[in-house]
Amino acid sequence: MSKPNKKGPTRTVDIFCAKCKTQLFKYRKGGKGALVKCFKERIVVDHTHTPCICPNCKQPFAREDLIRGTPAFKIISGKVTVK
């Protein structure tokens, strides 16, 4: 399996908690599809204090995982919104 592109995409999206609308990440997302995973190396600004836990409502929104040999967060469906 190939690793994700090192340079990464230039388009950034804001990721918010679906429950309390707190901003979690500013992320360099590639493609037009739904947000399924966030590679840690593509996160531009991280507003969380504990990985995968919303800083406001303390609800888990993702799981840490290795995808194609690269550390990433696998997003739990319905827990985040993207703008």
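The values are calculated or read from the model by the stated rules, or taken from the named source; none is laboratory data. All of these numbers come straight from a predicted model, not from anything done at the bench. Here the Cβ positions follow ideal geometry from the backbone for every residue, glycine too, while neighbour counts run over all protein chains shown.
Here is a list: PHE73, PHE39, PHE25. Which entry is surrounded by 12 or more Cβ atoms within 10 Å (Cβ to Cβ) and over 16 Å from PRO9 (Cα atoms)? Please lay out each step first, then the result.
Numbers: PHE39 fails: over 16 Å from PRO9 (Cα atoms); PHE25 fails: over 16 Å from PRO9 (Cα atoms).
Going through PHE73, PHE39, PHE25 in turn, the sole match is PHE73.
I need the full set of residues from the range 57-79 which are of a type outside the set (A, V, I, L, M, F, W, C) and closer than 12 Å to CYS38 by Cα, in order please. Spell out how you get there, then give the answer.
From the range 57-79, those of a type outside the set (A, V, I, L, M, F, W, C) are 58-60, 63-65, 68-71, 74, 77-79; that's our starting set.
Matches in the range 57-79: ARG63, GLU64, ASP65, THR70, PRO71, LYS74.
Say we look at the range 1-42 and pick out the residues that are in contact with a strand residue (DSSP E or B) (Cβ under 9 Å, 6 or more places away or on another chain) and polar (S, T, N, Q); which of these is farthest from GLN59 (Cα to Cα)?
Checking each candidate, the answer is THR10.
Filter the range 1-30 down to residues that are modelled with pLDDT of 90 or more and on the phi > 0 side of the Ramachandran plot, then give me how many there are.
1
So, THR81, is that one touching a residue at least 60 places away in the same chain (Cβ under 8 Å), under 23 Å from MET1 (Cβ atoms) and among the polar types (S, T, N, Q) or not?
Numbers: touching a residue at least 60 places away in the same chain (Cβ under 8 Å): yes; under 23 Å from MET1 (Cβ atoms): no; among the polar types (S, T, N, Q): yes.
Spelling it out, it is not the case that THR81 is touching a residue at least 60 places away in the same chain (Cβ under 8 Å), under 23 Å from MET1 (Cβ atoms) and among the polar types (S, T, N, Q).
Please specify each residue of the range 25-52 satisfying the condition of being touching an Asp or Glu at 6+ places or on another chain (Cβ under 8 Å) and either in contact (Cβ under 8 Å) with a residue 60 or more places away in the chain or of a type outside the set (Phe, Trp, Tyr) (or both).
LYS26, LYS37, PRO51, CYS52
Report, by residue number, each residue of the range 42-70 that is among the basic types (Lys, Arg) and surrounded by 14 or more Cβ atoms within 10 Å (Cβ to Cβ).
Residues of the range 42-70 among the basic types (Lys, Arg): 42, 58, 63, 68.
Selection gives ARG42 alone.
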